[in-house]
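The values are calculated or read from the model by the stated rules, or taken from the named source; none is laboratory data. Please read all numbers here as calculations on a predicted model, not as lab measurements. For neighbour counting, all protein chains shown are included, and Cβ atoms are generated from backbone atoms with ideal geometry for every residue, glycine included. All accessible areas refer to the heavy atoms of the entire protein, side chains included, with ligands and DNA or RNA removed. Shrake-Rupley method; radii C 1.70, N 1.55, O 1.52, S 1.80 Å.
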Amino acid sequence: MNWLQRFNTFSFLDNHAYSSGLSTQEVLVGAGVRHSLDLTVAEGPEAFVQLDNFVQSHKGSWIFGHLGYDFASPSSHRFNESTAGKGFGDICFFVPEIIIRFNDNRMIILAPDPQIVFDEIRETEIVSGNRQIAGKPLIRSRLTKEKYINTIDQLRQHILRGDCYEINFCQEFFAEQAVIDPVTTYERLTRLSPAPFAGFYRVRDQWLLCASPERYLKKLGNKIYSQPIKGTLKRNSSDPVTDLRRSGELYNSGKDRSENVMIVDLVRNDFSRFCKEGTVRVEELYGIYTFPQVYQMISTISGELPDNVTFAEIIKASFPMGSMTGAPKKRVMELIRQYEFNARGLFSGTVGYISPEGDFDFNVVIRSILYDQSARYLSLPAGSGITFYSDPAQEWEECMVKAAAMRAVFESEDPLGK
């Protein structure tokens with residue numbers, strides 16, 4: 001990670017040894033840019049044509065990149081102009097100069113001269129680890145608790161009127177005039193919250209430090225998978241008996257089950273637009289997964305792909321992901337534009353890769369720190385799924401739990417006492 005900082009664009013994707021039958025890469029790195037594609041909201045439908053052309057023209061190469069949430073949901077709403085994550089651009093993909101892969105205790109370097117790359121990495125000075133973060137940033141909430149609760153009450157009225165069934169509402173925690181060391185901060189974040197879809201990602205002056213537990217889409221051969229998360233409950237690591245009981249509470253929670261199954265149906269509907277007829281199925285419903293701070297309810301949906309479907313067609317039919325929007329998706333996205341106080345930018349978008357074989361894997365950008373280095377602006381967004389039965393005060397607390405790991409990175413000398 002220290003070596004990577006010499007590149008103004010790179011992607012470091014880390015599975016953190018999380019056991020999953022769908023995992024194919026432990027660590028995957030793309031550094032430097034041979035070819036790139038940058039698109040904005042203004043491109044409109046033409047952007048998907050350009051995205052397809054780019055992917056097709058570099059078939060057989062590794063491709064890395066991201067899609068920002070606002071590409072799929074442009075708005076004329078006057079958001080705060082400082083929102084971190086906007087600077088990444090709406091769509092950015094690149095063919096890297098150097099590929100590094102870690103699997104089964106092996107390091108594989110794909111480069112014109114792999115030995116030079118290996119020697120450079122070994123000779124790079126390590127400046128992270130126990131390095132102190134100078135000047136802890138003052139992190140504030142964009143919303144007061146009262147304003148947040150009032151907004152949730154308004155959204156519940158939309159649900160009561162039948163405008164939607166569920167909506168994902170996000171808020172932003174932020175700091176201005178923040179100066180951080182991205183490597184040290186990412187290392188601390190992932191020590192606190194090692195997650196299967198973590199990423200250390202840079203595009204020029206924009207940094208993403210991501211500890212996401214959620215997969216948006218994975219293609220493996222002719223199969224496509226999505227694993228939406230709906231349902232979060234804080235763990236009690238100090239009391240193993242209570243902690244185990246809380247996992248059962250999440251599994252039996254009627255509110256979380258209703259959220260989860262609505263998003264499962266939404267994903268099934270999205271998949272039916274590009275999968276072979278009759279192949280879309282729910283492989284796991286209401287699965288409870290363990291993470292350091294929380295339990296998560298995760299379901300798995302799969303489908304079979306026809307031979308002629310393209311990457312851009314799959315993205316166009318399924319992005320943004322249902323877990324970060326709600327149901328029905330189109331109306332919910334309108335309400336998000338109306339009620340949220342910040343453009344989401346890269347938050348609740350996706351970062352991932354396409355392999356030379358045409359397989360791909362993309363996460364959901366949550367549990368993340370976004371840093372605009374030139375503006376010295378730090379953003380820690382968080383959200384939750386709102387249904388009519390949601391308790392606004394509890395939803396506020398859920399956002400606090402989700403933001404806690406990111407805040408802890410800055411609020412102690414060493415979050416793990418090491």
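Take each of the peptides 48-61, 369-382, average the number of other beta-carbon atoms within 10 Å over its residues, and list them starting from the highest.
Ranked by mean Cβ neighbours within 10 Å, highest first: 369-382, 48-61.
Could you name the lysines in cross-link range of Lys223, using Cα to Cα under 23 Å and dropping any fewer than eight places away on the same chain?
The reachable lysines, counting only those whose Cα sits under 23 Å from Lys223, are Lys59, Lys276, Lys316.
Checking the table Lys147/Lys255; Lys145/Lys402; Lys136/Lys329 against a 27 Å threshold on Cα-Cα, which pairs fail?
Numbers: Lys147/Lys255 23 Å; Lys145/Lys402 15 Å; Lys136/Lys329 39 Å.
Lys136/Lys329, as the Cα separations exceed 27 Å there.
Please list the helices of the chain that count as membrane-span-like by this rule: a mean Kyte-Doolittle hydropathy of at least 0.5 together with Cα atoms stretching 30 Å or more along the helix axis, each helix being a complete DSSP H run. Write down the numbers at each step before the final one.
Values: long enough: none.
Result, helices passing both filters: zero.
Would you please put 268-274, 339-345 in order of how densely packed they are, using the mean number of other Cβ atoms within 10 angstrom per residue and starting with the highest? Present the calculation step by step, with values, prior to reporting the outcome.
Values: 268-274: 18.1, 339-345: 21.9.
Peptide ranking by packing, descending: 339-345, 268-274.
Select from Asn222, Asn236, Leu67 the residue farthest towards the positive end of the dipole of the chain; place +1 on Cβ of Lys and Arg, -1 on Cβ of Asp and Glu, and compute about the Cα centre.
Result: Asn236, furthest along the dipole toward the positive end.
Give me a comma-separated list of calculated 3J(HN,Hα) values for segment 296-307, in order, Karplus coefficients 6.51, -1.76, 1.60 applied at θ = phi - 60°, integers in Hz, x for any Gly or Pro.
Rounded to whole hertz, the list is 10, 9, 10, 10, 10, 10, 9, x, 9, 9, x, 5.
I need the calculated FRET efficiency for the pair Glu46 and Val241, taking r as the beta carbon distance and R₀ as 60 Å, to the nearest 0.05.
Working: r = 58 Å, r/R0 = 0.96.
So the FRET efficiency works out to roughly 0.55.
Excluding Phe311 itself, calculate the net charge of residues whose Cβ lies under 13 Å from the Cβ of Phe311, where each Lys or Arg counts +1 and each Asp or Glu counts -1.
Working: positive: Lys59, Lys218, Lys219, Lys316; negative: Asp52, Glu313, Glu357, Asp359, Asp361.
After counting each charged neighbour, the total is -1.
If you place +1 on the Cβ of every Lys and Arg, -1 on the Cβ of every Asp and Glu, and leave all else neutral, what size is the dipole of the chain about its Cα centre, to the nearest 20 Debye?
620
Along each principal axis of its Cα atoms, how long is segment 3-65 end to end? Whole angstroms, biggest number first, please.
39, 33, 24
Counting alpha carbon pairs within less than 8 Å and at least 6 residues apart, what relative contact order, in whole percent, applies to the chain? The partial results should precede the final answer.
Numbers: 886 pairs, mean separation 105.7, N = 418.
Relative contact order of the chain: 25 percent.
Tell me the carbon and sulfur percent of the accessible area for the chain, rounded to whole percent, probe radius 1.4 Å. Let's see the in-between values first.
On the way: 8510 of 17610 Å².
On the chain, the fraction of accessible area on carbon and sulfur atoms equals 48 percent.
Where nothing but the Cβ of Lys and Arg (+1) and of Asp and Glu (-1) is charged, how large is the charge dipole of segment 320-377 around its Cα centre, in debye to the nearest 20? Walk me through the numbers on the way to the answer.
Values: 7 positive and 6 negative charges, 78 e Å.
The calculation lands at about 380 debye.
If you line up the Cα atoms of segment 320-418 on their principal axes, what length do they span on each, largest first, in Å?
Computed over the Cα atoms, the extents are 47, 46, 27 Å.
Net charge near Thr9, counting Lys/Arg +1 and Asp/Glu -1 over other residues with Cβ under 9 Å of its Cβ? Show your work: numbers first, answer last.
Values: positive: Arg202, Arg204; negative: none.
Net charge in that neighbourhood comes out at +2.
Name the shape class, rounded, prolate or oblate, that the alpha-carbon gyration tensor gives for the chain, where a ≥ b ≥ c are the square roots of its eigenvalues, rounded holds for a/c under 1.5, and otherwise prolate holds if a/b is larger than b/c and oblate otherwise.
rounded
Sort segment 294-373 into rounded, prolate or oblate with this rule: let a ≥ b ≥ c be the square roots of the eigenvalues of the Cα gyration tensor; rounded if a/c is under 1.5, and if a/c is not under 1.5, prolate when a/b is larger than b/c, oblate otherwise. Display every interim value, and only then the final one.
Numbers: a/c = 1.68, a/b = 1.41, b/c = 1.20.
It comes out prolate by the Cα gyration axes.
Grab the Cα-Cα distance for Asp104 and Phe118, subtract it from 0.36 nm times how many residues apart they are, and report the gain in nm with one decimal. Intermediate values should be presented prior to the final figure.
Working: separation 14, 0.36 × 14 = 5.04 nm, distance 1.80 nm.
Once the chain is fully extended between Asp104 and Phe118, it gains 3.2 nm.
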